[in-house]
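Quick notes on the structure that follows.
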Amino acid sequence: MTTTSDLGDRRPLAVPSPRSIRRYTRAAANRHGDTSIGALLSDVYSAILMAAIGLGTAIGVATTLRDSLPKVPARPHDGLLLPLSTLAALVVLALAGTALSLAARLGPVGVGAAEARWWLSLPVRRRGLLRPAAWRLPATAALVGGPVVLVLVLFAQEGMSGSAAVSTLVGGLLGAGAIVVLAGVAQTLGIDRRVTARVGDVLLGLVPVLGLAVALGARDLAIGLTPSVVVLVLLLVVAAVGGVLLDLRLERIPVRELRDSGSVATQAAGAVVSLDSRELGRALADRMTSVRRRRSIRFGWVSSPARALLTADIVLWWRSPRHVVQVVAAAAVPALVAAVSRLDTPFALATAYLVAGYVAMLATAEGPRRAEMAPIIDRLLPIGAREVRRLRLVVPGVLMGLWTLAVLGPIGWSNGDPAGWLALAVAATPVWAGAAIRSAYRPSPDWSGPLAATPMGALPTGVGSVLVRGPDVVLLGMVPVLISIGIGQVTQTLIVVQAVCALIAVAVGSRVKGFSILDMAAEDPRAAATKSGTKTGTKTGTTSTPKSGR
Amino acid sequence: MPSDVVIRARSLSVGYGGEPVCAPVTFTVRAGDALALVGANGSGKSTILRAVLGLLEPSGGELSVLGRPVDEREAIFRAEVSSVLDDDAYFPALTVAEHLLLTARGHGVDDATGLAAELLAEFGLSSHANVLPVSLSSGQRRRLLLAAGFARPRRLLVLDEPEQRLDQQMRSALAERLRAERAAGGAVLLATHDPVLLEAVASRAVLVGDDQSVLMSPADAARAIGAETLGGGDEAAPTAAADGAPGPAGTASGRTASVATTTPKGQSSQAGQSAQQGGSGKRRRRP
């Protein structure tokens, strides 16, 4: 090797071990850090204690919920019956899909920008440098997956013995870890992370459909949820072999891949810490889209700002297959819940309607969420901020209208009053649209202000009021629908009240807080002149670039 | 292949999502040679550098570095190729000196502490040796990155617009340092918009463009950059600079080039047809 001028007589020595590089970095960081070992231990102790309390609470809630369920089906079924255990098995399958999708989106092996720049350029064995990063996500998945599966099975299965609970816990732990490890092996094999993530998404999207198919095709299909020893050994073998393969092949992951994954993980972690679900969605979704498209749309039909806005929202939704699948799959969830023995109660159906509807609603408001992130998108168009909000209601409104019809229609059919339920669905649709817009344009928590100490750490004051924007409109605006589900019928009064709720929801959703003089000028020049105390002789309504208030 | 060939690129095509960002390029860089890539913003200079460093898979053509196909996963590749791109990332808890020490020790340099001290002095960072990078100015952080590029053994040094955020004095010092690099037998590949740095350092240049990429002398490339900066003209005629032929900066100025280049469609064209293509014609932009 050429020894270039600046090295002079300094001959290269043996390259140090990866562990020594990690130690050097850690030791140097510790010298400048102000975290004592006592504080670190205290944090670990608090985390373990909080996790144990959380797990205990979850187990208590799950068993209480299970005991509160009716022992026999609430209503007579027309052959549609799924045991609770089958539903739990389907949820486990959905969790597996989620774990695979998340693992692929986050890497699962990745490094931060600093590690990529200063570590991965060194001629040391990368395996040693990457090993901690490679095991972080599988370990996290295992630690989360085990308890989650245990709580789920405790909810679905009565009279579980201690050994069965341990088997379930270990099975969940091994299964979740194995899924993430396999995603890592796929990464080392050069399989596109988008493909792996798509497999997980498809699995997740298929679960409700699969559940309905099982309900229609096979009655009383009971699935044992406690894993047998054979299953546990199988999971252990998969996790172990996958782990060894992952470790051996860590060197084969290109630095661009590692850095890209690390960047996503950093962005996602930042979003979680700052309680910004929109940013989290962007972090997990943006790198999964292709940088180029084979065909571009000519947008020949776009002849006005309003059409441009609507077209943008439609294209954004349609070009994201995940969002399309999300809406369709969520529509099957209430029907699936209604087909589960002991869970076919009005309360469970109403809960399924709200949760699945909210999940579907989130998939319809990608345009407004993007616009909130970059307000210039709205300001570029020569229309007022209020009109922008109203136009942005259209796409969520249409999509959620179809979704609500698909969900409430069958309920009305089974209750013998399809017309009434369809009318209720039409009246309820604007509530979803209003909530979608309110949720999309909600401000981020203000971390620059005073923080309040909470069991979850320091949080900004007023964070609660920020986080409930969107869900609040759904909960309050859907009261008539929830009552209808509860009493099993639709009345004219409920439809009228629902329509009034819809009007309020639309008004709330299209409300622009912090309306500026410029915005007012765009909407009504005379009002703006009055407000500002000046006279204006020019018409600015069609040419200004209004501020899109939050 | 001769042993002194450090980079050999033949009809190298680079891009994103299967779309090329520039015309295929052909060049050879030998030990003691410095090749500059010039061209408009988005013309593909940095993308070519990323391909040479193994950070991007070429979409076509042939590329070898130090006689081997490019694979940054190989430790030997990382041991011999040093790079300074625009990756402004640092360990938040490591000081300026510790970043340099990490690089030097990680490459097994004897007396890493002494080398780090020398580089800190040379790059005007001695007084900031024990501060965290977050407290440095943008230009000082750039100097730290450049110092790290020299804090290790190397046969090839790849620099992406190293003049960025540097004051004139530091640019001159950098040019001096790169000349010393060449004199010591090191090879340099850099992308630059600075005509002074280009003429001071480069032995040859490639004007990277959409329709064709042209090999030319540093003097002509510097004129092309100047014309580009001033809004474009066609005053800079390319000059002959035979592929792989060593040549000092500014040689053969004024002669019309006859170097065959390749268009994205694989058609041959003459370099002399368009020295200014970097700023003309329909542009394909990097996403």
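The values are calculated or read from the model by the stated rules, or taken from the named source; none is laboratory data. Everything numeric here is computed off the predicted structure, so don't read it as measured data. Cβ sites come from the backbone with ideal geometry, for glycine too, and all protein chains shown count toward neighbours. To get the accessible areas, we keep the full protein, side chains included, count just its heavy atoms, and leave off ligands, DNA and RNA. Shrake-Rupley method; radii C 1.70, N 1.55, O 1.52, S 1.80 Å.
Taking the solvent-accessible surface of protein heavy atoms with a 1.4 Å probe, what is the per residue accessible area of the stretch A:44-287 in Å²? List each step's numbers first, then the result.
Working: 11180 Å² over 244 residues.
Per-residue accessible area for the stretch A:44-287 comes out at 46 Å².
In nm, to one decimal, how far is the modelled label at residue A:59 from the one at residue A:163, with both set 7 Å along Cα→Cβ?
Each label point is offset 7 Å from its Cα along the Cβ direction, giving 1.8 nm.
Could you state how much accessible area residue A:118 has, in square angstrom rounded to the nearest 10, with a 1.4 Å probe and all protein chains kept in place?
So the heavy atoms of residue A:118 present about 0 Å² to solvent.
Can you give me the % of accessible surface on the stretch B:4-65 that is carbon or sulfur? Probe 1.4 Å, all protein chains present, nothing else counted. Walk me through the intermediate numbers first.
Details: 710 of 1650 Å².
Within the stretch B:4-65, the accessible surface is 43 percent carbon and sulfur.
Taking the dipole about the Cα centre of the stretch A:44-287, with the C-beta of Lys and Arg at +1 and of Asp and Glu at -1, give me whichever of A:84, A:44, A:110 is farthest to the positive side.
A:110
Which of A:204, A:254, A:96 sits farthest toward the positive end of the charge dipole of the stretch A:44-287, with +1 on the Cβ of Lys and Arg and -1 on the Cβ of Asp and Glu?
Looking along the dipole axis, the top candidate is A:254.
Using 0.36 nm per residue of separation minus the Cα-Cα distance, give me the extension gain between residue A:302 and residue A:35 in nm, one decimal. Don't skip to the answer; put the middle values down first.
Numbers: separation 267, 0.36 × 267 = 96.12 nm, distance 5.79 nm.
This chain segment gains 90.3 nm when fully extended.
Distance in nm between label sites at residue A:374 and residue A:46, each 7 Å beyond Cα in the beta-carbon direction?
Going by the 7 Å Cα→Cβ label model, 3.9 nm.
Determine, at each q value in 0.07, 0.11 (inverse angstroms), the log₁₀ of I(q)/I(0) that the Debye formula gives when each Cα of chain A is one equal point scatterer.
After summing over all Cα pairs, the log10 values are -0.52, -1.19.
Kindly state, to the nearest 0.05, the FRET efficiency for residue B:62 paired with residue B:168, given R0 = 35 Å and r defined as their beta-carbon distance. Let's see the in-between values first.
Details: r = 39 Å, r/R0 = 1.12.
So the FRET efficiency works out to roughly 0.35.
Tell me the relative contact order for the stretch A:44-287 as a rounded percent, counting alpha carbon contacts under 8 Å between residues six or more apart. Please report the intermediate quantities before stating the final value.
Values: 305 pairs, mean separation 82.4, N = 244.
34 percent.
Give, in nm to one decimal, the length gained when the segment between residue A:256 and residue A:286 is fully stretched (0.36 nm per residue of separation minus the Cα-Cα distance).
Values: separation 30, 0.36 × 30 = 10.80 nm, distance 1.63 nm.
Once the chain is fully extended between residue A:256 and residue A:286, it gains 9.2 nm.
A plus B alone minus the pair: what accessible area, both sides summed, probe 1.4 Å, in Å² to 100?
Numbers: alone 29100 and 12350 Å², together 37310 Å².
Roughly 4100 Å² of accessible surface disappears when A and B pair.
What accessible surface, in Å², does a 1.4 Å probe find on residue A:446, ignoring ligands, DNA and RNA and rounding to the nearest 10?
It works out to around 90 Å².
Ranked from the most accessible area to the least, with a 1.4 Å probe and all protein chains present, what is the order of A:149, A:91, B:29? Each step should come with its number before you reach the end.
Details: A:149 25, A:91 55, B:29 0 Å².
Largest to smallest exposure gives the sequence A:91, A:149, B:29.
Take the Cβ-Cβ distance between residue A:466 and residue A:26 as r, set R0 to 45 Å, and report the resulting FRET efficiency rounded to the nearest 0.05. Display every interim value, and only then the final one.
Details: r = 37 Å, r/R0 = 0.82.
Using R0 = 45 Å, I get an efficiency of 0.75.
Note every residue of the stretch B:89-108 with a reduction of at least 40 square angstrom in accessible area, all protein chains present versus the isolated chain, computed with a 1.4 Å probe, or write none.
B:89, B:91, B:93, B:94, B:98, B:102, B:105, B:106, B:107, B:108
I'd like the FRET efficiency for residue A:475 and residue A:447, computed as 1/(1 + (r/R0)^6) with the beta carbon distance as r and R0 of 35 Å, rounded to 0.05.
Values: r = 27 Å, r/R0 = 0.76.
Efficiency, rounded to the nearest 0.05: 0.85.
Just to make sure I understand: if all protein chains stay in place, what is the order of A:301, A:421, A:135, A:317 by accessible area at 1.4 Å, largest first?
Order by accessible area, largest first: A:301, A:135, A:317, A:421.
So, with +1 on the Cβ of K and R and -1 on the Cβ of D and E, and no other charges, what is the size of the charge dipole of the stretch A:148-246 about its Cα centre, to the nearest 20 debye?
It comes to approximately 220 debye.
Could you tell me the ratio Rg/Rh of the stretch A:44-287? Both radii from Cα atoms, Rh via Kirkwood.
Values: Rg = 20.0 Å, Rh = 19.7 Å.
Rounded to two decimals, Rg over Rh is 1.02.
Using a simple spin-label model with points 7 Å from Cα along the Cα→Cβ vector, what separation in nm is obtained for residue A:234 and residue A:491?
So the label points at residue A:234 and residue A:491 sit 5.4 nm apart.
Provide the solvent-accessible area of residue A:513, counting protein heavy atoms only and rolling a 1.4 Å probe, rounded to the nearest 10 Å².
110
Ordering B:126, A:484, A:263 by how much accessible area each has at a 1.4 Å probe, largest first, what is the list? Can you show the working numbers first?
Working: B:126 70, A:484 0, A:263 45 Å².
Reading off the accessible areas and sorting them downward yields B:126, A:263, A:484.
Taking square-rooted eigenvalues a ≥ b ≥ c of the alpha carbon gyration tensor, is the stretch B:1-65 rounded, prolate or oblate, where a/c under 1.5 means rounded and, failing that, a/b exceeding b/c means prolate? Don't jump to the answer; show the numbers that get you there.
On the way: a/c = 2.20, a/b = 1.54, b/c = 1.43.
Note, shape of the stretch B:1-65 comes out prolate.
Using a 1.4 angstrom probe on heavy atoms only, work out the carbon and sulfur share of the accessible area of chain A in %.
Numbers: 18280 of 26970 Å².
C and S atoms contribute 68 percent here.
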